[in-house]
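Beneath this line is the structure, given in structure tokens, with notes to follow.
The values are calculated or read from the model by the stated rules, or taken from the named source; none is laboratory data. Note that this is a predicted model, so its numbers are computed, not measured. Neighbour counts run over all protein chains shown; Cβ positions are idealised from the backbone, glycine included. The area values use the complete protein model at the heavy-atom level, side chains included, leaving out ligands, DNA and RNA. Shrake-Rupley method; radii C 1.70, N 1.55, O 1.52, S 1.80 Å.
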Amino acid sequence: MPGKALLFNIQKFSLHDGPGIRTVVFFKGCPLRCRWCANPESRESGFGTGGRETADTRYYTVEEVMETCLQDRPFYEESGGGVTLSGGEVLMQAGFATALLDRLGEAGIHRAIETSALAPPAVWREFITHVELLIIDVKHYNRERHIEGTGVSNETCLANLQTALDNSKSVLPRIPVIPGFNDSLEDAGEFACLFTAMGISKIELLPFHQFGEKKYADLGIPYPMHGVPQLHREDLAEYQQVFIDRGISV
Ligand code: SF4
């Protein structure tokens, strides 16, 4: 819809999506199909989540989103926070997102995105000039395993990550650590090799959780990760150490 974006939530007072207190704008639509996805309501590009939608899913104008974001400007200023665009995949609605990011920039608000970096390289190169921080989820170092877990290859994602680094953008790579997919110490070693080769010195780990399970039930979608044990911070101590041993802070 021209001038509007399909969003499924705008969440205030987030402390986990970039520095400080943030408002997170969730864009609907994602080109990946991660088995462990905790936001199944985000994946379809139009209305169509197993025939149901969350209450906040609708088309929004830039003005509407700005109005909500500006309400919390004092909290951003006090905490060093700002606004994070997330999803789904924000780059699937890149035109609207760029317009919103420009308005936020004009208002002096710090801008971050959470993304898998899957976008045409030309679109990516232009888009990243509109943000201060790129939080990029790297799901697997291996092409075939990436396809197996997400439905798509990792080649474009990794090339775009390298482009962001080459352009001196502030980048925070994150690994969603998923049991049986990328959680072995050998996996950690391979990730560390990849990151070292790319010039990355700091990452975050996101331990697998089951917070999304109820959403699948509510939306009437089968849940592929039913019964898989959650990971906790302490479960990842050795995994984390592999990176630290190679000079990557976690
Ligand atoms: S990239 Fe994120 S939103 Fe898209 S399917 Fe994977 S976990 Fe879900």
Item checked: Long-range neighbours under 6 Å by Cβ, at least six apart or interchain, first residue of a type in the set (A, V, I, L, M) within region 13-24, second modelled with pLDDT of 95 or more and part of a loop (DSSP other than H, G, I, E, B) -> Ile21/Gly81; Val24/Asp17
Check: In region 120-129, what residues are away from the ligand (no atom under 16 Å from the Cβ) and surrounded by 18 or more Cβ atoms within 10 Å (Cβ to Cβ)?
Finding: Phe127, Ile128
Notebook entry, point to check: Thr156 is checked against (1) within 16 Å of the chain's Cα centre (by Cα); (2) more than 22 Å from Phe243 (Cα to Cα); (3) in contact (Cβ under 8 Å) with a residue 40 or more places away in the chain; (4) open to solvent by 20 Å² or more (accessible area, probe 1.4 Å) and fails just one. What number does that condition carry?
Noted result: (3)
Margin query: Condition first: under 16 Å from Leu161 (Cα atoms) and part of a helix (DSSP H, G or I). Can you find one or more residues in region 76-91 that meet it?
Written below: yes
Notebook entry, point to check: Can you name the residue in region 11-46 that is assigned to a strand (DSSP E or B) and away from the ligand (no atom under 11 Å from the Cβ) and is also surrounded by the most Cβ atoms within 10 Å (Cβ to Cβ) among such residues?
Noted result: Arg22
Checklist line | Contacts under 9 angstrom Cβ, first residue in region 166-184 being charged (D, E, K, R) and open to solvent by 60 Å² or more (accessible area, probe 1.4 Å), partner away from the ligand (no atom under 16 Å from the Cβ) and assigned to a loop (DSSP other than H, G, I, E, B), 6 or more apart | finding: Asp166/Gly199
Check: In the list Glu67, Glu77, Glu132, Glu63, which residue meets the criterion of being away from the ligand (no atom under 16 Å from the Cβ), surrounded by fewer than 19 Cβ atoms within 10 Å (Cβ to Cβ) and closer than 21 Å to Leu172 by Cβ?
Finding: Glu132
Next item on the list: Could you grab me the full set of residues in region 191-239 that are under 30 Å from Lys169 (Cα atoms), surrounded by 14 or more Cβ atoms within 10 Å (Cβ to Cβ) and among the hydroxyl-bearing types (Ser, Thr, Tyr)?
Entry: Thr196, Tyr239
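Going by what's in this entry, would Ala117 be described as buried (at least 22 other Cβ atoms within 10 Å of the Cβ), at pLDDT 95 or above and under 14 Å from Leu32 (Cα atoms)?
Details: buried (at least 22 other Cβ atoms within 10 Å of the Cβ): yes; at pLDDT 95 or above: yes; under 14 Å from Leu32 (Cα atoms): yes.
For Ala117, the condition - buried (at least 22 other Cβ atoms within 10 Å of the Cβ), at pLDDT 95 or above and under 14 Å from Leu32 (Cα atoms) - is met.
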